[in-house]
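The structure appears below as structure tokens.
The values are calculated or read from the model by the stated rules, or taken from the named source; none is laboratory data. Since the model is a prediction, treat every value here as computed from it, not as a measurement.
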Amino acid sequence: MIASNCSFSAGISLISFNHSITAYIYTFDYITESAPNHTTIKHLYLRDMSEIIPGIISKISLDNVLQLPLEVNVIAGLIVFTGLLLAVIAFARLRQKRLLSAGIYSSISTVLLVLAVALIALSMNLYTYNRISHEQDVAEIVFKQLGPQYYSATISLADEHQNTEYMIKGDEWQLDTRIIKWRPPVYLAGLDSLYRLERISGRYRDVEEEKTENRTVYSLTKNEGLDIWSITKHYPSWLPWIDAYYGSATYLPMHDSARFKITLSQTGLLARPVNEAGEESIQFWD
């Protein structure tokens, strides 16, 4: 409870476009009679937006924005338009020397512009994931032995029309993926769980070799936009509609000419051999 003794201070710094966008700063101090020496118990400070906006914008490229669904771009465009309109109003109020009104309009404008940029950046990252509607094929891998514990792995991803070759050392291969699941209201609204293949790597069957020998690992994706995985991990309250986020992996032995098909369901990754060489690699797997 806040007592009648209350001090209020507000400092306003209007938007500046000289080098970067500088947002207003509001400071509120509430002092209670019961607090020793009238100690400040609440202090609200809005950071300089010049520290935030450049970091978000750096995550965005025009090519990726144009690939987003039309709905996302329309919503972001409307927010930007509203933000710019409020910025014009703020500038007009400033010329009229109505500082408090100008500060309010400029602050709302800044928040809307940041929101639009963040929406685009988050959408870009979200669209690096694929939907999981049922058990589905996500990749196929073919191995060719180049030497002792040395193989080439040619991966064909289900959502791409090209093959990529990786040189892998070890006795086994491992494929990792990230999975995001929605809470029931979002899931019932028609949004499926999402996945993104993360990396392929080599493994050594012997633990001592795993510790000492050279390992090979390759990324299978580009982390574009704001990383929704990191945001969910560090600030779960910001994205309450996400029910769970976890990793799933599968690994099998490498063998010359072996071919494997990787599928994904709501429970995770599963790899199956699809030719005789693949079957043999599992049959003699120690």
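Things to note:
- The residue of segment 207-257 that is farthest from Ile179 (Cα to Cα), among those that are of a type in the set (Asp, Glu) and at pLDDT below 70, is Glu224.
- The strands (runs of 3 or more DSSP E) found entirely in segment 50-168 that carry 2 or more residues being acidic (Asp, Glu) and at pLDDT 75 or above are 136-147.
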